[in-house]
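Heads up, the thing below is written out as structure tokens.
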Amino acid sequence: LIANLAVCDLMLGLSTILNVALALIAYRTTIPAHVHLMLCKAVVAFLNTWSYTASIQTLTIISIERYIAIFRPTKVITIRRAKISCLVSWAISLTISIPSAILASVRRLHLKMCLTFDTYTTGAAVINLILFVLQFALPAILMIVLYSLILRQLSTSAIAGQTDSNRSKKLKRKTIYMLVTTTVIFLALSTPWAISLIIVVFTGKLPLQIMLSTNNSTIRSIVRLSRLLLPYTTLYNPVVYCIFNHEIRQLFIPNCCRISNSIINKNHSVQPINAVNKSDDTNNAESLPLVSV
């Protein structure tokens, strides 16, 4: 599931880079209109919508998986079931992304820009409303409820009747805190985009028209933030993983981890025997995976 989320992030980042690159190339050279339109539809509009919708669905699946792991520990989520869940999320995202690819067009402003909608239509309003409800509002509510229940359960002394060691409980909490942080940042960066969808539905104006003609500075700021912040949903995950997970941190900054490990080993080497005997429960604890699938 984490690998699936990483693929979504890479695709969203790639679509953003390609959109900017395509606009700059069109500014410097002449691209045939049909080629530019094809690239706009397939590479920019379709890839962007597909990767974002797959990201939000993957985060929702992860929250459900964590809820089951905490409240139904006897119910094992196999790798096969996790793969099926990922495939279903990609298939749903693919279906939702097709209208964006069909309706995308190229429009000349200061640069030739790829736009999802060229003019406001009833179809554009319906698509925006579907994206808001199915790809933001409902997943956000579900994740907030599930993680609230999980955090409440983890704050108690026992987890669904389990008799885990202190180290095991600590690792579970650490994993949940990492996923909650990832989800909160994702929702925070996506909120302006979701609000802009509703603004388009109720004002009858496309984002570009709102930025150029609307006198309401608040609405203009929200629409601009939506275009600015959404690509950043691809950047924070590695930082969060490095903060919460030692193995991933070691991959990114091995030298720092070697120094910290040498300090820890040195401290352990002079640790009194009595202190070692008091930590039997910790030494016998099992290590938890980053996300069980």
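The values are calculated or read from the model by the stated rules, or taken from the named source; none is laboratory data. Note that the structure is a prediction, hence the values are computed from the model and not measured. Please note: Cβ atoms are built from the backbone with ideal geometry, for glycine as well, and neighbour counts cover all protein chains shown. Just the protein is used for accessible areas: all its heavy atoms, side chains included, with ligands, DNA and RNA removed. Shrake-Rupley method; radii C 1.70, N 1.55, O 1.52, S 1.80 Å.
Can you confirm whether residue 63 is within 25 Å of residue 139 (Cβ to Cβ), touching a residue at least 12 places away in the same chain (Cβ under 8 Å) and among the small types (Gly, Ala, Ser)?
Against the criterion (within 25 Å of residue 139 (Cβ to Cβ), touching a residue at least 12 places away in the same chain (Cβ under 8 Å) and among the small types (Gly, Ala, Ser)), residue 63 qualifies.
Taking residue 225 as the residue in question, decide whether it is under 27 Å from residue 104 (Cα atoms), open to solvent by 50 Å² or more (accessible area, probe 1.4 Å), assigned to a helix (DSSP H, G or I) and at pLDDT below 75. Steps first, please.
On the way: under 27 Å from residue 104 (Cα atoms): yes; open to solvent by 50 Å² or more (accessible area, probe 1.4 Å): yes; assigned to a helix (DSSP H, G or I): yes; at pLDDT below 75: no.
Against the criterion (under 27 Å from residue 104 (Cα atoms), open to solvent by 50 Å² or more (accessible area, probe 1.4 Å), assigned to a helix (DSSP H, G or I) and at pLDDT below 75), residue 225 does not qualify.
A quick yes/no check of all residues on (1) free of Cβ contacts under 8 Å to residues at least 12 places away in the same chain; (2) open to solvent by 70 Å² or more (accessible area, probe 1.4 Å):
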{"position": "79", "(1), (2)": "no, yes"}
{"position": "95", "(1), (2)": "yes, yes"}
{"position": "98", "(1), (2)": "no, yes"}
{"position": "103", "(1), (2)": "no, yes"}
{"position": "129", "(1), (2)": "no, yes"}
{"position": "138", "(1), (2)": "yes, yes"}
{"position": "146", "(1), (2)": "no, no"}
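Output the residues belonging to region 200-214 that are at pLDDT 80 or above and open to solvent by 70 Å² or more (accessible area, probe 1.4 Å).
Of everything in region 200-214, those that are at pLDDT 80 or above and open to solvent by 70 Å² or more (accessible area, probe 1.4 Å) turn out to be 202, 205.
For region 158-193: of the residues being open to solvent by less than 50 Å² (accessible area, probe 1.4 Å), among the charged types (D, E, K, R) and in a helix (DSSP H, G or I), which is modelled with the highest pLDDT?
172
Any idea how many residues of region 199-219 are under 22 Å from residue 48 (Cα atoms) and assigned to a helix (DSSP H, G or I)?
Here the count works out to 8.
Within region 1-71, which helices (runs of 4 or more DSSP H) (wholly inside it) include 2 or more residues that are polar (S, T, N, Q)?
Per the criteria, 2-28, 46-71.
Would you be able to say whether some residue in region 47-54 is at pLDDT below 80, in contact with a helix residue (DSSP H, G or I) (Cβ under 8 Å, 6 or more places away or on another chain), within 24 Å of residue 10 (Cβ to Cβ) and among the hydroxyl-bearing types (Ser, Thr, Tyr)?
Keep residues of region 47-54 that are at pLDDT below 80, which gives none.
No, region 47-54 contains no residue that is at pLDDT below 80, in contact with a helix residue (DSSP H, G or I) (Cβ under 8 Å, 6 or more places away or on another chain), within 24 Å of residue 10 (Cβ to Cβ) and among the hydroxyl-bearing types (Ser, Thr, Tyr).
Can we say residue 155 is within 28 Å of the chain's Cα centre (by Cα), open to solvent by 40 Å² or more (accessible area, probe 1.4 Å), among the hydroxyl-bearing types (Ser, Thr, Tyr) and at pLDDT below 85?
Yes, satisfied.
Would you please name the residue that is farthest from residue 245 (Cα to Cα), looking only at residues in region 171-214 that are touching a residue at least 40 places away in the same chain (Cβ under 8 Å) and small (Gly, Ala, Ser)?
204
Output the qualifying pairs, or none if there are none: Cβ atoms under 6 angstrom, residues six or more apart or on different chains, first residue in region 23-52 and free of Cβ contacts under 8 Å to residues at least 60 places away in the same chain, second residue buried (at least 19 other Cβ atoms within 10 Å of the Cβ) and polar (S, T, N, Q).
What qualifies is 46/97; 47/15; 48/15; 50/93; 50/97.
Looking only at residues in region 112-127 that are surrounded by 14 or more Cβ atoms within 10 Å (Cβ to Cβ) and small (Gly, Ala, Ser), which one is modelled with the highest pLDDT?
So, considering only residues that are surrounded by 14 or more Cβ atoms within 10 Å (Cβ to Cβ) and small (Gly, Ala, Ser), the one modelled with the highest pLDDT is 125.
Taking the stated definitions as given, is residue 54 more than 17 Å from the chain's Cα centre (by Cα) and either of a type in the set (Gly, Ala, Ser) or buried (at least 20 other Cβ atoms within 10 Å of the Cβ) (or both)?
It is false that residue 54 is more than 17 Å from the chain's Cα centre (by Cα) and either of a type in the set (Gly, Ala, Ser) or buried (at least 20 other Cβ atoms within 10 Å of the Cβ) (or both).
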